[in-house]
1. Among the residues of segment 229-238, write down those that are touching an Asp or Glu at 6+ places or on another chain (Cβ under 9 Å) and either in contact (Cβ under 8 Å) with a residue 60 or more places away in the chain or open to solvent by 50 Å² or more (accessible area, probe 1.4 Å) (or both).
2. Name every residue in segment 11-41 that is more than 14 Å from the ligand (Cβ to nearest atom) and aliphatic (A, V, I, L, M), in order of residue number.
3. Given the conditions (1) free of Cβ contacts under 8 Å to residues at least 24 places away in the same chain; (2) over 13 Å from Ser196 (Cα atoms), report the number of the one that Glu220 does not fulfil.
4. When you scan segment 143-174, how many residues do you find that are more than 13 Å from the ligand (Cβ to nearest atom), buried (at least 16 other Cβ atoms within 10 Å of the Cβ) and either within 13 Å of the chain's Cα centre (by Cα) or hydrophobic (A, V, I, L, M, F, W, C) (or both)?
5. Please go through segment 106-116 and give me each residue that is part of a loop (DSSP other than H, G, I, E, B) and open to solvent by 90 Å² or more (accessible area, probe 1.4 Å), ordered by number.
6. Quick check: anything in segment 113-134 closer than 22 Å to Phe222 by Cα, within 13 Å of the ligand (Cβ to nearest atom) and in contact (Cβ under 8 Å) with a residue 24 or more places away in the chain?
7. Residues in segment 33-53 that are out of contact with any Pro (no Cβ under 7 Å at 6 or more places or on another chain) and either within 17 Å of Phe115 (Cα to Cα) or modelled with pLDDT under 95 (or both): how many?
8. Can you tell me which residue within segment 234-272, out of those that are polar (S, T, N, Q) and assigned to a strand (DSSP E or B), is farthest from Tyr62 (Cα to Cα)?
Amino acid sequence: MQAWSDKQRAQGKAVAFVPTMGYLHEGHLSLLEIAKKEGDSLILSIFVNPTQFGPNEDLESYPRNLDADLEKAEKAGVDVVFVPQESTLYQENYQSYVSLERLPNHLCGLSRPVFFRGVATVVTQLFNITRPDIAVFGEKDFQQLAVIRQMVADLKFGIKIIGAPIKREADGLAMSSRNAYLKPEQRDAALTLSRSLAAAKEMVAEGERRVAVIREKAREIFAEHPEVEIDYIELCDPVTIDSVESINGDTLMALAVNLAGIRLIDNTVLVP
Ligand code: AMP
């Protein structure tokens, strides 16, 4: 993999990289499209990374379909699909992890304590293996994108990180491999996330600046579906992810819920 990338670069080509956990949907494909525009050679990785899952999470049941993914990758013009074995990334006696001091102490990092350490570690490995010039990550995982940007700057990876906007279904549901778990009768409950974000946008457009009022509106929308268990409704600085109490500048509104054991996240940036 390293030799392949080095060869591309020697030919004057910029190597673009999109890491994923597979079960590709249009969100992933939009990242590939951006990567293809930004670079000359395109690498996709597919790896369900065990170190970012907690003991009671869905590592075992996480949806997988390599054949379908390879077909989509080919159609998207991917040059190389890198599908490592778990034992290649985490060989016997493996003991090196990358963790950040502050960014993980918010949002998903609180409910998923090993998540960002797992992500930062696997992305470091994937960067070292694929040696990209450019890498594309989705804003769907806003905090993850912030963690990667921070890590790349702190540790001088010299890789250009590009954020890609969230792809949604026609009804507003943010695309996610985990949507495959949703039963048709859970759809309306899943839509409480995008509905809460849309309501917040509207409130901000009408002049509302109080986070407490915006959060209360989201709570009301979630309350229409008591089966939706709220993990967090947070409004924060989009760079530091620190909570804010009023909307004074661009503000990240981030949501996470559990719906019958399915974790769903969504976010938007509110612009006053
Ligand atoms: P995953 O396979 O879920 O780990 O996601 C791989 C990459 O695709 C990450 O950078 C995600 O942020 C991104 N991604 C996932 N869903 C979406 C979406 N709906 N829109 C844009 N990017 C997404």
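1. Cys236, Asp237, Pro238, listed by residue number.
2. Ala14, Val15
3. Status for Glu220: all satisfied but (2).
4. Result for segment 143-174: 4.
5. Pro113
6. No, segment 113-134 contains no residue that is closer than 22 Å to Phe222 by Cα, within 13 Å of the ligand (Cβ to nearest atom) and in contact (Cβ under 8 Å) with a residue 24 or more places away in the chain.
7. The qualifying residues number 6.
8. Ser246
The values are calculated or read from the model by the stated rules, or taken from the named source; none is laboratory data. Computed from a predicted model, the values in this text were never measured in an experiment. Note: ideal-geometry Cβ built from the backbone for every residue, glycine included; neighbour counts use all protein chains shown. Ligands, DNA and RNA are excluded from the accessible area calculation, which covers all protein heavy atoms including side chains. Shrake-Rupley method; radii C 1.70, N 1.55, O 1.52, S 1.80 Å.
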